[in-house]
Amino acid sequence: MFQPQSAYAFYSPTKVLSGNKALENLPVELDGMNAVKPLILTTPVLSARGMEKIVASAFGDSNLTIGVFSGVPPQPDLRLIRELYGLYRDNGYDAIIALGGGPVLDTAKALNIAVSGRPEDLESLASGNPLTKKLRPLAAIMNLDLSGCEMTRYASLGPLSLTSPALIPDLMIIDSRTVPEEEQKTMAATALMSMTQAVEACLHPARNPLTDAYAYGATRFIMENITNVMRNPSDRKGRLALANAAFFAQTSFDNLAPGMVYELGMAMSRSCQTNPGLIMGMLLPHFLLLEMRKETTDRKDLYLFIGGPEAFAGTMAEASSRKAVDRIVEILLELQSIVADFPRSIRDLGIKKEDLEKIVAQGSAAGVRGEHDPQDIRNIMEKAWETRF
Amino acid sequence: MNHYKEMQPGSKPIKRAYVALMLWFVGRAIEAAARVDGVVKAEFDGLSPGFTFSLGVMPQGPTMIVGKDDQGLVRYRGWDPEGQKIDLKMKIKNLEGAILMFTFQESTALATARNRLIVDGEVPAACAIVRVLDIVEVYLLPKLIAKLAVKRYPDWFFGEKIRNRIRIYAGAVFGL
Amino acid sequence: MDLPGYYEYYCGVKIIAGHDALERIPVILQDLHACRPMIVTDKGVAGAGLVDIVLGAVKDQLTIGAVADDVPPDSDLRVVNRLAALYREQDCDALIAVGGGSVMDTAKGINIVVSEGADDLMKFSGAGALKRPLKPLVAVPTTAGTGSEVTLVAVVKDHERHLKMAFVSYFLLPDVSILDSRMTLSLPAAITAATGMDALTHAIEAYYGLSKNPLSDATALAAIRLISRNLVEVTRNPSDREARLAMANAAALAGMAFSNSMVGMVHTLGHATGSVCGVPHGVCMAILLPYGLEYNRHKREAIMGELLFPMGGSDVFAGTHKEQRTDRVIAYVRQMNQDLHDASGGRHARFFKEVLDREGKPAVPRGRLPDIARTALGDGSIFYNPEDLDYDDFLMVLEAAWEGVALDSGRIRK
């Protein structure tokens, strides 16, 4: 672990503020980036749960004016960006605060491209031209209902997929008031998505000391907190740890090419309209079992990430990667006993046998890149479909 | 546009008032402590003539100012930085951070570790002032709370401490 | 892994590492929309042929606007202003800093002047004075230790006004740091040892300090592991490229850890010893590190024990009882100093009485220890140390570190 294996590049431009009264530091942080009038973007659901009021109250006594748009839909589109563009420009906003998961961040990133340059830059970036302007400040307030790409260089808006390191938010706030209890299944799905991203990062052939460091933080926090939080969702510290883990996992993921489980999970989720985190959770053990049969040295320390130093050091080297898989399966079994109608296979998620064929056949068209062995892909999907934990 | 509104987040008058009161109290307590406690006096003697510092909340106060006068005596100089030459500014980033400190949920050391303060000025002076604040806290607070507020509770001679404590309270409250 | 009640972490520097990472500079600058950089470095670096390596790596693909290779070890405002003028004359649009701490600070100072059009640098000192990005700055460290390639502080002296200006801003962070093994291959054994111990100190103090957080912990653990496996080895065998690259990585990782978690009493005393006696920073760190562990132990026993894993590896960790782990960690650091002493032919000092100045005379006379203790009282790093220290405590630690004996735990006030 941590030994630099080859040449690498690593980039994480986000400043993290996590914990007690983190939200109240927003005004001072924005001021440091020369921004004084932020626009908060959020969803009707979060707004109805009082989240925007909590964020607004953090600006109390700061002398700042803020705007709130609480109408981000589950599928934001270009029309919305154009409307928000006008609103941002006309009212003199100079920063965006994204409050919420996936669609909110997609909207915020796209809007930020538009307001930092021109709305046409969106299409230009989607067709492969790099951004030429530094973007305006973007702060993200993380919760536990996440898509897995919030803190990364990726955004998608309808048919447009946008990729640029400039899209990564400048600030990330994790504050227990805005990491509320979600439904157990939602939180479990988010944690399993993070787990997949982190585990695939530490098995990645291009891993480096920094992706290892972030993946280590992510896996440690998930393993130590996932079942506690599901059992007792009012465990605030546990929820904060899972939100931190999501950021760490996304950052390690963002600095490596996406792994096979992640890509399969996303492809299946797109074609079957199912939660990707849960699919990945079901695929992960089968993927690991398959990997273990291959002769690579990179997996030996997986159990250090999953089990921690004490457990890792107390285990014979030969047994250690097997132990890692066992631990993950144990967690999944525990989740089944805690979380109502938690799946035991991808079949339980409503995925049909013929859907698997479709994904294998479509291959890269479904978003699964060619470098994975199609036989492996088929194997893993079939196992995850047939075998129930 | 639906779902859109612009707003002026309000103020927090009660919290402001509480912090203002605490700052006033601590400011006057420092003045008194510099008279009765040898260590505090020595710390101020080591600072440049006329040295003045402020401790306040961003972006707009409340603030308290303490400085040395022409005779080298330490004086509480009120709350208004306007027109005062201030060598060292210690600014708490927001009102909630100040509440955490002045309700003793976070010690000075913890607040520093959590980056709740911005220090503008010479570092050695800032070190001296933090030591002064620690000593004043030990005088003002019951041992149980002060033990949480400072890294190491001093093993002072008991009788002397009680006497000084009474004098500092008298100074802070009544300006004696 | 512990989650503190509140923490902040930031390191927006892009890291590019490898045996031929320098070759990426033209693309990096292109991404930053720059095409005519000025190289800032010092005579020693240039003399060792390192600037030629950089120039060779970018040749044909980049026009170098200017090469300033005369940053003195004791750089100041005059140098900053002179080189800023050169930057403007030559119409440069980015900076490449090749060197150690002094070169980095100077380049950061130049960047403020040329980006803000400043005539008085003083206006930009203190927190929050810089509010927008500066010109692109690429850092190429030539020692593996200071971590200044990932830190947001710059210190510029003004010899005429006898001032030391500190600039603190995220905008001072280099945009990119290049960790290339060729830059440290020719580093002499004693400097390799001392700078490596500087990096180890950053990581360990960050790990037991009051601002520790999950990301500073993870980067610190990674750094400690790399240093434990590579430092003695590379001091024995300076041309080991893999070990050199590992150490360059370790120094950057440790830099990320400590610039977010801050450092404690080892640095407090190290800064003071450096300023009173002129002892190189890394030498002070190596000597004082065991005392930071010993002095703070009663407040951080369990946390310090965790360090045995990255230091000793699985078997040692599993084979050592929890209560004995901190003892092993401290012994391990002392043993490392001993091994480096042996590997460098006795040039790596283990305690202060062993440190010699350029003329071969003792650099830290015992009589100066009270001065050092007094100076230490004015150093801000003490805020982040778990336990408090007053003058007497500083002096007690210094005396033990002078003699090279362990701290008497009975004399540590708890």
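Positive end of the dipole of chain C (Cβ unit charges, origin at the Cα centre): among C:Gly99, C:Ser259, C:Tyr207, the Cα lying farthest that way belongs to C:Tyr207. For chain A, what log10 I(q)/I(0) values come out of the Debye formula at q = 0.11 1/Å, with one point per alpha carbon and no solvent? Once normalised to I(0) and log-transformed, intensities are -0.78.
If you take the beta carbon distance between A:Met316 and C:His321 as r and set R0 to 22 Å, what does 1/(1 + (r/R0)^6) give as a FRET efficiency, to the nearest 0.05? Efficiency for this residue pair is about 0.65. Helix A:353-362 axis versus longest C-alpha principal axis of chain A: approximately 70°, rounded to the nearest ten. Against chain A, whose longest principal axis is taken from its Cα atoms, helix A:317-338 shows a tilt of about 60°. What distance in nm lies between label points placed 7 Å from Cα along the C-beta direction at C:Arg132 and C:Asn237? Modelled inter-label distance: 5.3 nm.
Each Lys or Arg adds one and each Asp or Glu subtracts one; over the other residues with Cβ under 11 Å from the Cβ of C:Pro290, this totals +2. Dipole of segment B:1-145 computed with +1 at Lys/Arg Cβ and -1 at Asp/Glu Cβ about the Cα centre; of B:Gly61, B:Val138, B:Leu95, farthest Cα towards the positive end is B:Leu95. Spherically averaged projected area of the convex hull of Cα atoms, segment A:44-149: 7.2 nm². How large is the translational diffusion coefficient of segment A:255-295 in µm² per second when you combine the Kirkwood radius over alpha carbon pairs with Stokes-Einstein at 25 °C and 0.890 mPa s? My calculation gives 228 µm²/s for D. Counting only the Cα atoms, segment A:180-335 fills a convex hull of 107 Å³ per residue. Per residue, the convex hull spanned by the Cα atoms of the protein assembly as shown measures out at 171 cubic angstrom. Taken residue by residue and averaged, Cβ atoms of other chains lying within 10 Å of the Cβ of B:7-20 number 3.
Of the residues A:Ile113, A:Ile331, A:Ile173, the one that moves most in a GNM of chain A with alpha-carbon contacts below 10 Å is A:Ile331. Need the C-alpha centroid separation for segment A:59-131 versus segment A:312-330, integer Å. First find each Cα centre; the distance between them is then 45 Å. Pairwise Cα distances in segment A:106-196 exceed 17 Å in 53 percent of cases.
Between the DSSP loop rule and a limit of at most 13 other Cβ atoms within 10 Å, which GluC sites (Glu not before Pro) in segment A:179-247 are left?
A:Glu183
The calculated 222 nm mean residue ellipticity attributable to helices in chain C amounts to -16000 deg cm²/dmol, summing -39500 (n - 2.57) over DSSP H runs of n ≥ 4 and dividing by all residues. Selection among B:Val74, B:Leu23, B:Leu110 by position relative to the dipole of segment B:13-171 gives B:Leu110 as farthest towards the positive end (Cβ unit charges, Cα centre). About its Cα centre, the dipole of segment B:39-143 is roughly 200 debye, where the only charges are +1 on Lys and Arg Cβ and -1 on Asp and Glu Cβ. Rounded to the nearest 20 debye, the dipole size of segment A:184-386 about its Cα centre is 400 debye, using +1 on the Cβ of Lys and Arg and -1 on the Cβ of Asp and Glu. Among the GluC sites (Glu not before Pro) in segment C:324-414, those located in a DSSP loop and surrounded by at most 10 other Cβ atoms within 10 Å of their own Cβ are C:Glu359. Please go through the residue pairs C:Lys299/C:Lys353; B:Lys89/C:Lys131; B:Lys151/C:Lys212; B:Lys41/C:Lys414 and name each one whose alpha carbons sit more than 27 Å apart in this structure. In this structure, C:Lys299/C:Lys353 exceed 27 Å between Cα atoms. Note that chain B shows a convex hull volume over its alpha carbon atoms of 141 Å³ per residue. Kindly provide log₁₀ I(q)/I(0) values, in the same order as q = 0.12, 0.14 Å⁻¹, from the Debye equation applied to equal alpha-carbon scatterers of chain C. Results for chain C at q = 0.12, 0.14 Å⁻¹ read -0.95, -1.29.
Each part reduced to its alpha carbon centroid, segment C:113-146 and segment B:82-129 end up 25 Å apart. The label-point distance for B:Gln60 and A:Gln75, in a model that sets each label 7 Å from Cα toward Cβ, rounds to 4.6 nm. Pairs of alpha carbons in segment C:236-299 separated by more than 16 Å make up 61% of all such pairs. For B:Ala128, neighbours were defined as the other residues whose beta-carbon sits under 13 Å from its Cβ, and their charges (Lys and Arg +1, Asp and Glu -1) total -3.
Rounded to the nearest whole angstrom, the semi-axes of the ellipsoid equivalent to segment C:14-183, taken from the Cα gyration tensor as √(5λ), stand at 24, 16, 15, largest first.
Given +1 on the Cβ of Lys and Arg, -1 on the Cβ of Asp and Glu, and no further charges, what dipole in debye does segment C:347-414 carry about its Cα centre, rounded to the nearest 20?
300 debye
Here, each number is a calculation from the coordinates, and none is a lab measurement. All of these numbers come straight from a predicted model, not from anything done at the bench. Every residue, glycine among them, receives a Cβ derived from its backbone with ideal geometry; neighbour counts consider all protein chains shown.
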